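Please read the structure below before turning to the comments.
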Amino acid sequence: MNVRKKLAIALIVAIAVSLLFLFRDELKPVPTLKDFSGAAELHPVVEEKKNKLVQQANDQGISIVITEGFRSKEEQDKLYAKGRTEEGNIVTYSKGGQSYHNYGLAIDFAIRLKDGRVVWGMEYDGNHNNQSDWMEVVDIATGLEFEWGGDWQGFKDYPHLQMSPENIKDHTR
């Protein structure tokens, strides 16, 4: 093999190695819910962003309370039974293992009034800026990479915020 061919091969190999190095993060497999199946609490990234959400809402004069975080599959099945095999209204369409709560990737929130009561009113404007406090919280949450259940095509779950596995891919393993 002549010198020109050897140099061309060496150059191609160097470029390929450089490209692999540059794009190594993009080449990693995107995590799935299965990667979070051993969760017993909120994922650390979700916990951190939940805390940022509470603080940033507070900075805007909005007090929120996190009404739900991690939920076991058994707890999820009990919620699923409501309005079906148990008394009450249907509160979820997800069985155990189907909710992001079961993987530590979801939270639910409500607005806390100055007198301590908790409300789920989407029109409430407690900070008096002519904007719905609820939607201000949703805007903060989506800026923190949460997905909002109110954006879902089917069943709307307005208190629900979840973080897709691909949004926390750099924090797994």
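The values are calculated or read from the model by the stated rules, or taken from the named source; none is laboratory data. If you're wondering where the values come from, they're calculated on a predicted model, not measured in any experiment. For neighbour counting, all protein chains shown are included, and Cβ atoms are generated from backbone atoms with ideal geometry for every residue, glycine included. What goes into the accessible areas is simple: the full protein's heavy atoms, side chains included, and nothing from ligands, DNA or RNA. Shrake-Rupley method; radii C 1.70, N 1.55, O 1.52, S 1.80 Å.
Okay, here's what the table says:
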read-out: Residues being open to solvent by 40 Å² or more (accessible area, probe 1.4 Å) and in a loop (DSSP other than H, G, I, E, B) - total across segment 126-145; value: 5
read-out: In segment 66-88, the residues that are outside any helix (DSSP H, G or I), without any contact (Cβ under 8 Å) to a residue 24 or more places away in the chain and out of contact with any strand residue (DSSP E or B) (no Cβ under 8 Å at 6 or more places or on another chain); value: K82, G83, R84, T85, E86, E87
read-out: Check on I62, among the aliphatic types (A, V, I, L, M), more than 16 Å from the chain's Cα centre (by Cα) and in a loop (DSSP other than H, G, I, E, B); value: yes
read-out: Number of the exception - I168 against (1) at pLDDT below 95; (2) open to solvent by less than 90 Å² (accessible area, probe 1.4 Å); (3) over 12 Å from the mean Cα position of the chain (by Cα); value: (3)
read-out: Number of the exception - V91 against (1) surrounded by 13 or more Cβ atoms within 10 Å (Cβ to Cβ); (2) among the hydrophobic types (A, V, I, L, M, F, W, C); (3) touching a Gly at 6+ places or on another chain (Cβ under 9 Å); (4) not in a helix (DSSP H, G or I); value: (1)
read-out: In segment 105-125, the residues that are in a loop (DSSP other than H, G, I, E, B), of a type outside the set (A, V, I, L, M, F, W, C) and either farther than 20 Å from T142 by Cβ or touching a residue at least 12 places away in the same chain (Cβ under 8 Å) (or both); value: K114, D115, G116, R117, G121, Y124
read-out: Search result, residues across segment 94-137 that are touching a strand residue (DSSP E or B) at 6+ places or on another chain (Cβ under 7 Å), under 13 Å from Q60 (Cα atoms) and acidic (D, E); value: D133
read-out: Selection within segment 40-65 - over 18 Å from E145 (Cβ atoms), open to solvent by less than 60 Å² (accessible area, probe 1.4 Å) and out of contact with any strand residue (DSSP E or B) (no Cβ under 6 Å at 6 or more places or on another chain); value: G61, I62
read-out: Evaluation of N102 against (1) free of Cβ contacts under 8 Å to residues at least 40 places away in the same chain; (2) not in a loop (DSSP other than H, G, I, E, B) (one fails), failing number; value: (1)
